[in-house]
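Okay, structure first, notes after.
The values are calculated or read from the model by the stated rules, or taken from the named source; none is laboratory data. Computed from a prediction, not measured in an experiment: that's the story for all the values here. Heads up, the Cβs are rebuilt from the backbone with ideal geometry, glycines too, and the neighbour counts pull from every protein chain shown.
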């Protein structure tokens, strides 16, 4: 996720605001985001205190680990390759050393997610690992068209092509909202790569923060930053599952043109020869199409030792679809508040019995939550920067609107 110092991010993305959002959602550990930004880094050092768990910090009743997202830009004969990466650091000392090196490559104060021109993904990994072998890099939202390592517009066809001799240090990728583990399992080259899910939240709203996350199972006494990293790297018993949205909910699942209000599935795009029928320009090729291009397996394949996942849409999205109103509307807020008085949102979505839900809200809403838990909510696919829209009934689909980036 990001801090208030990143572009197009809510001013409420503060330690206090994010912690409050985490408690409502049911998240116990947050990534700080943006530790490369000087002002945010200073705030983190002031407000985060060492916890009893090595490499994790405490503030506002929530645990935190040091993370940031950075962008590399590299000109190649095949065009400019633009890739976003997530950096993880186990201590302020290591994070500061990483910042000192990266400050020589770009202006860290310009944005919470800094951009480094004439820098390859391999060089970023080498820089990070030279500072510390305990710090690591993973590709962020790996499939998004413009800034994913496999993106259709500026990505690569393999991790080896992107990270060259440093590829052996890449042990995980972030799937992003427009893909899920099932789609990634179709790529045999990713069988040894762990799949993690993060929200990339630009606000602490519960329909943004924690909409995708990772679930671990530890005894409290054994929890540490490195234990979490090892659980991801080894895909051991401690990495329980990931929480995913329906990939159609993501902003780049289908192909399309936002300005033309046109979207298409891969087979239709092929019939159109990749050209928008409205403006006659090339379509933005989405994640589903890109997976089809690189896949060497049919749908339904599950690799050995794959981490399971659970698919649920955020609670406010369900309520917005039910009432046919905006996410931030009064009806949605009041009903959500009733449900969240029972338990944090992830518990409501994944565990709370239907009978208990029906005692608190309209039984039809309780039934929708159960359908959501079973992955049975249909979603009109997102495309070219537009979120997908949950569809509960035809007459409400057109009225329902979502917020923008926040």
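Things to note:
- Unique residue being part of a loop (DSSP other than H, G, I, E, B), more than 23 Å from residue 166 (Cα to Cα) and modelled with pLDDT of 95 or more when the list is 52, 20: 52
- Within the set 319, 342, the sole residue that is closer than 19 Å to residue 26 by Cβ, touching a helix residue (DSSP H, G or I) at 6+ places or on another chain (Cβ under 7 Å) and in contact (Cβ under 8 Å) with a residue 40 or more places away in the chain turns out to be 319.
- Pick from region 111-153, criterion touching a strand residue (DSSP E or B) at 6+ places or on another chain (Cβ under 6 Å) and assigned to a helix (DSSP H, G or I), ranking: nearest to residue 256 (Cα to Cα): 121
- Test: residue in region 60-83 that is on the phi > 0 side of the Ramachandran plot and at pLDDT 95 or above: yes
- Selection status of residue 1, in the same structural domain as residue 159 (by TED's automatic domain parsing) and either surrounded by fewer than 22 Cβ atoms within 10 Å (Cβ to Cβ) or closer than 28 Å to residue 159 by Cβ (or both): no
- Some residue of region 32-42 being over 22 Å from the mean Cα position of the chain (by Cα), at pLDDT 95 or above and at positive phi: no
- Flag for residue 400 being part of a helix (DSSP H, G or I) and either over 30 Å from residue 144 (Cα atoms) or modelled with pLDDT under 95 (or both): no
- Yes/no for residue 325 being at pLDDT 95 or above, in a loop (DSSP other than H, G, I, E, B) and over 20 Å from residue 387 (Cβ atoms): no
- When region 206-229 is filtered for residues that are part of a loop (DSSP other than H, G, I, E, B) and either out of contact with any helix residue (DSSP H, G or I) (no Cβ under 7 Å at 6 or more places or on another chain) or free of Cβ contacts under 8 Å to residues at least 40 places away in the same chain (or both), the ones remaining, listed by number, are 208, 211, 212, 217, 218, 219, 223, 224.
- Search result, residues across region 24-46 that are crowded, with 16+ Cβ neighbours inside 10 Å and not in a loop (DSSP other than H, G, I, E, B): 24, 25, 29, 30, 31, 40, 41, 43, 44
- Considering residues of region 230-250 that are part of a loop (DSSP other than H, G, I, E, B) and out of contact with any strand residue (DSSP E or B) (no Cβ under 6 Å at 6 or more places or on another chain) only, the residue surrounded by the most Cβ atoms within 10 Å (Cβ to Cβ): 250
- Single residue of 256, 286, 274 found to be more than 20 Å from the chain's Cα centre (by Cα) and closer than 27 Å to residue 199 by Cα: 256
- Enumeration of residues in region 61-100 that are assigned to a helix (DSSP H, G or I) and within 22 Å of residue 164 (Cα to Cα): 98
- Residues within region 235-260 that are within 25 Å of residue 374 (Cβ to Cβ) and without any contact (Cβ under 8 Å) to a residue 24 or more places away in the chain, tallied: 0
- Test for residue 346: is it modelled with pLDDT of 95 or more and over 18 Å from residue 323 (Cα atoms): yes
- Breaking point among (1) modelled with pLDDT of 95 or more; (2) closer than 28 Å to residue 5 by Cα, for residue 154: (1)
- Selection count, region 187-205, where residues are farther than 22 Å from residue 318 by Cα and either touching a strand residue (DSSP E or B) at 6+ places or on another chain (Cβ under 8 Å) or part of a loop (DSSP other than H, G, I, E, B) (or both): 8
- Any hit, region 297-310, residues being assigned to a helix (DSSP H, G or I), within 23 Å of the chain's Cα centre (by Cα) and surrounded by 15 or more Cβ atoms within 10 Å (Cβ to Cβ): no
Here is a yes/no grid of residues against (1) assigned by TED's automatic domain parsing to the domain that holds residue 72; (2) out of contact with any helix residue (DSSP H, G or I) (no Cβ under 7 Å at 6 or more places or on another chain); (3) at negative phi; (4) buried (at least 17 other Cβ atoms within 10 Å of the Cβ):
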| position | (1), (2), (3), (4) |
| --- | --- |
| 90 | yes, no, yes, yes |
| 97 | yes, no, yes, yes |
| 133 | yes, yes, yes, no |
| 139 | yes, yes, yes, yes |
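- Residues being touching a helix residue (DSSP H, G or I) at 6+ places or on another chain (Cβ under 8 Å) and either without any contact (Cβ under 8 Å) to a residue 60 or more places away in the chain or under 19 Å from residue 149 (Cα atoms) (or both) - total across region 106-122: 5
- Of all residues in region 154-186, those being under 24 Å from residue 269 (Cα atoms), in contact with a helix residue (DSSP H, G or I) (Cβ under 8 Å, 6 or more places away or on another chain) and assigned to a loop (DSSP other than H, G, I, E, B) number 11.
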